[in-house]
Structures are given as structure tokens and as C-alpha cells.
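Just so you know, all these numbers are worked out from the coordinates, no wet-lab data involved. Remember, predicted model here, so these are calculated numbers, not experimental data. Every residue, glycine as well, gets a Cβ built from its backbone with ideal geometry; the counts of neighbours run over all protein chains shown.
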Amino acid sequence: MSAGTVELTSLSAVDTDPRDRERQLADIVAGLCAQHGDGTAAAEALTAVVADSSAPVRAPLLDALSPDPGVGLRHLARRWASPILATLADAFSEGGRDLNIDYLNAVALATAVEHRAPTRLALKRIAHPRHGLPWDGDEDQMLLAAFQQGATMEALCEQHQRNANAIKARLVKHGVIEEDDRPA
């Protein structure tokens, strides 16, 4: 084996669907971003995240990181036709000292969204984190008190992390407004 060639011994062990593999890689990149954002060197953070992972991509990814992460990741990206690994390889080819965490997080999120086919509920929870979750008595009391004090629909939505339809439905349920009186 020449010095410029990276041996990837465990590739045959990863016979997963490419979408599963990209999801696993997106999770690893998200972990890398968290650790590197906390001050850990990029190569060290990536090695630690991969080593701690139980994903089937773990072994070939660890092989790819040594001796040169940029070269190994590029080779693996071509072999797996992986956009997320190609992006990561580019980052490490440029030295990997200070990765653009925001950019890599965006790539990981886009990959996860593309390959996870999120449910409508998950998409709604991006804007309204409590969408679809049950209301409790304390939250009902806070809603009613804020509404009676004249809070705007926008303020109520923000305070309860729910959309306007959920707020309106809850106000109707408690008899504060009529079905036909729902504010726009």
C-alpha cells in the first residue's frame, strides 16, 4: 500500500441502505459540531464522536480518519457517493482547524431532513415546539390569564410554542370565545 492510499478494511461490513448511512453520518456530523463548538480540535472531536458511535458506519469511518482525515474521508465519500462525507472531506482538506460549525450543522440538518423524510408533525414542531403535545392545567391557566389581559395571538403563540389554531381551539374549549368568534 502506498503512502497516498488509504486502506478501508471494513467497507463490506456496511451493507446498509445509503439513506440509512447518510442519516448515521448526519448524526455523527451533528456530534462533531457540538464537540468542536465546545473547543475540542476538529480531528480529535470527529474521532471521539465516531469512536463513541454505535452506527454501522463506525469502523470504516474510523479507518478513513487515519492517517489523513481529508484524504480518507474523500475516498470514502466517493465510494459511498455520500454528499455529507464529501462536505466533511472538504472541511478537513482545508486544514480542519476551525470548521464552520454553522455550515456543517446546516449540511447535517439538510441531510437528515432529506433522508429521514420527516413527518408533518416534525416539520410543524420546528416553528412550534409544543405542537401536538397535550396541554396541562398550568398551561391552560397561563393561556386564559394572558388572553384575559389582552395578549395578542402572536404573543400567545410564542409564549405557548404552539400555532394560532391550537391557541384558538383551546380558548374555544374553555368557553372564552365562540367557535365563530375565533380571532384571526
Provide the per-residue ³J(HN,Hα) series for region 99-105, in order, calculated from phi with Karplus coefficients 6.51, -1.76, 1.60 and θ = phi - 60°, each as a whole number of Hz, with x at glycine and proline positions.
-> 6, 7, 4, 4, 5, 5, 4
Along each of its three principal axes, how wide is the spread of alpha-carbon positions in region 124-181, in whole angstrom units, largest first?
-> 28, 21, 21
How many nm separate the modelled label positions at THR40 and ILE126, each set 7 Å beyond the Cα in the direction of the Cβ?
-> 2.8
For GLU154 and TYR103, what does the FRET efficiency come to when R0 = 25 Å and r is the distance between their Cβ atoms, rounded to the nearest 0.05?
-> 0.20
